[in-house]
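Q: Below is a structure I'd like to ask you about.
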Amino acid sequence: AQCNIGSPVPICENQNKQDLVDTWRAQGKKVLVSFGGAGMGGSWAGDNNDCWEYCFGKEQHVINQLDTIVRNQNFDGVDIDYEYFYEDGEPYTQGGSSGSVARNFIETVTVGLKNTLPAGQNMITHAPMDADLVMSSSYYQILKNNADSIDFIMPQYYNGISRPMVDGLFGTGDGTMSAFDHYDTLVGDIFWGDATKVVFGFCINNCLGSGDGPMAAEIMSDLVLAYPCNGGAFFWVAYDDIGGSWASEVRAVTQPLVGCSLGPTPPTAPIAPAPTPTPPAPTPTIFAPPTDPRNTPTNFNFCGTSWGDANSRCGTACPNGVDSECPPGESCYGDCTSCDGSSPSGPSAPSPTPPTGTGLNYNYCGTSWGDANSKCGIPCTDGVSTNCPPGESCYSD
């Protein structure tokens with residue numbers, strides 16, 4: 001009557017094996033604690049269990065206990081395995097129980113756990129029978145209305161209205177509804193077309209729709225044709241998977257799907273530099289064509305602390321294009337087309353002004369300023385030609 005949840009939750013051999021949980025998580029696996037199951041009460045004929053009803057109205061108590069368990073045992077979340085009544089007029093056993101009370105319990109616990117569990121450990125899933133997930137059921141509507149609080153669902157395709165292990169994925173006969181039609185509705189109507197939110201449930205043994213690994217693998221192969229990126233499969237129960245043979249068959253189909261929802265890794269886009277002022281573009285009437293003026297009868301080589309300085313002052317000429325012809329602290333620059341090319345002086349013209357405060361370098365090597373400016377090859381950040389290859393000089397701006 002108190003709705004107390006046993007803790008710590010046994011992991012193996014009815015004992016808490018925290019080392020196993022930690023090992024699984026270290027391998028990248030998600031480990032959930034399952035709350036509920038048939039032992040809490042089932043909606044099928046002949047089941048007299050009614051433990052769920054003792055928790056109705058105690059939603060916060062349930063949430064708090066599960067939150068403590070998840071934190072203490074380092075789980076990744078909670079799987080809610082509710083297989084009991086939730087509609088009006090069903091045979092509840094405790095006074096005060098009703099369809100509305102049951103529905104409030106399912107919804108409140110689902111949303112409450114999502115909002116209460118610690119970040120990174122608040123994965124919430126449901127594992128209902130397929131019969132409880134038809135569009136006309138209240139359970140279906142609860143999941144649809146709270147889909148943003150549910151990471152995925154695991155419908156049981158073995159004891160309800162579908163029998164894929166007998167009828168195949170698309171067939172009916174032993175079952176009254178094809179598993180694919182059921183699955184397709186869940187994907188499209190509850191999860192907006194995201195098939196990774198629906199995990200296909202199998203039973204290995206002692207269920208109405210049990211089957212072996214090869215048959216399950218065939219069903220998953222068919223599912224991949226319809227949904228190439230889906231939620232994969234789960235099975236009941238690990239005890240019956242002798243030597244992992246069943247899981248190996250199915251894993252061969254599902255393993256290639258791992259990470260499919262992430263899509264291909266996009267190429268890393270280069271980070272665009274912050275906008276900087278652009279130096280005024282030289283006009284064809286000022287700057288020489290992209291040929292080396294030193295190879296022409298007229299010479300436009302002048303000394304300066306930069307190309308702009310040489311081009312504006314038209315001071316000392318360096319007809320051979322070498323820095324040794326210049327005063328100390330100056331270098332030889334070509335393409336000084338503001339100068340007349342025949343004397344150390346000439347008309348003055350404004351030089352291109354580089355942006356200030358940007359930390360950018362406008363010094364490059366070349367056979368001429370035009371060559372350096374067009375190819376932007378080897379930088380000479382110190383502004384001296386000794387940093388350049390033979391036959392080239394350092395040009396700025």
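The values are calculated or read from the model by the stated rules, or taken from the named source; none is laboratory data. Please read all numbers here as calculations on a predicted model, not as lab measurements. Cβ coordinates were reconstructed from backbone atoms using ideal geometry, including for glycine residues, and neighbour counts include every protein chain displayed. These area figures cover heavy atoms from the full protein model, side chains too; ligands, DNA and RNA do not enter into them. Shrake-Rupley method; radii C 1.70, N 1.55, O 1.52, S 1.80 Å.
Q: How large is ³J(HN,Hα), in whole Hz, for each residue of region 97-114 in order, when computed from phi with the Karplus curve 6.51 cos²θ - 1.76 cosθ + 1.60 and θ = phi - 60°, using x for Gly and Pro?
A: Here the 3J(HN,Hα) series is 7, 7, x, 5, 5, 5, 5, 5, 4, 4, 5, 5, 5, 4, 5, x, 5, 4 Hz.
Q: Tell me, Kirkwood radius of region 1-145 from alpha-carbon pair distances, in Å?
A: Over region 1-145, the inverse of the mean reciprocal pair distance is 16.0 Å.
Q: When the Karplus curve 6.51 cos²θ - 1.76 cosθ + 1.60 is applied with θ = phi - 60°, which whole-Hz ³J(HN,Hα) does each residue of region 312-321 get, with x for Gly and Pro?
A: Taking θ as phi minus 60°, the curve returns 8, 7, 6, x, 7, 7, 10, x, 8, x Hz for region 312-321.
Q: Still on this structure, I have one more. Report S34's accessible area, 1.4 Å probe, all protein chains in place, as a number in Å² to the nearest 10.
A: Number for this one is 70 Å².
Q: Right, next: In whole Å, how far is the Cα centre of region 79-130 from that of region 1-50?
A: Computed from Cα coordinates, the inter-centre distance equals 16 Å.
Q: I would also like to ask the following. Looking only at region 137-176, which residues have a backbone nitrogen under 15 Å from a spot 7 Å from the Cα of D240 in the C-beta direction?
A: What the label zone holds, given the 15 Å backbone N cut-off, is 156-160, 163-166.
Q: Oh, and also: Tell me, what ³J(HN,Hα) does each residue in region 237-254 have, in order and in whole Hz, if you take phi through Karplus 6.51 cos²θ - 1.76 cosθ + 1.60 with θ = phi - 60° and put x for Gly and Pro?
A: 9, 4, 4, 8, 8, 5, x, x, 5, 5, 5, 4, 4, 6, 4, 4, 8, 7
Q: Additional query: Once you charge only the Cβ atoms, +1 for Lys and Arg and -1 for Asp and Glu, what is the size of the charge dipole of region 53-156 about its Cα centre, to the nearest 20 debye?
A: 320
Q: In Å², what does the accessible area per residue of region 1-147 work out to with a 1.4 Å probe?
A: 46
Q: Quick check: pseudo-label points 7 Å beyond the Cα along Cα→Cβ at K29 and T108, how many nm apart are they?
A: 3.5
Q: Right, something else. Counting only residues 5 or more places away or on other chains, whose amide H sits under 5 Å from the amide H of G304 once H atoms are built in the peptide plane?
A: Amide H to amide H, under 5 Å and 5 or more residues apart or across chains, G304 pairs with S331, Y333.
Q: Can you pick out the pairs among K30/K58; K58/K144; K114/K197 whose Cα atoms lie more than 18 Å from each other?
A: K30/K58; K58/K144, as the Cα separations exceed 18 Å there.
Q: Still on this structure, please answer the following. For the charge dipole of region 83-130, defined by +1 on Lys and Arg C-beta atoms and -1 on Asp and Glu C-beta atoms about the Cα centroid, which residue among Y84, H126, N115 has the Cα displaced farthest towards the positive pole?
A: N115
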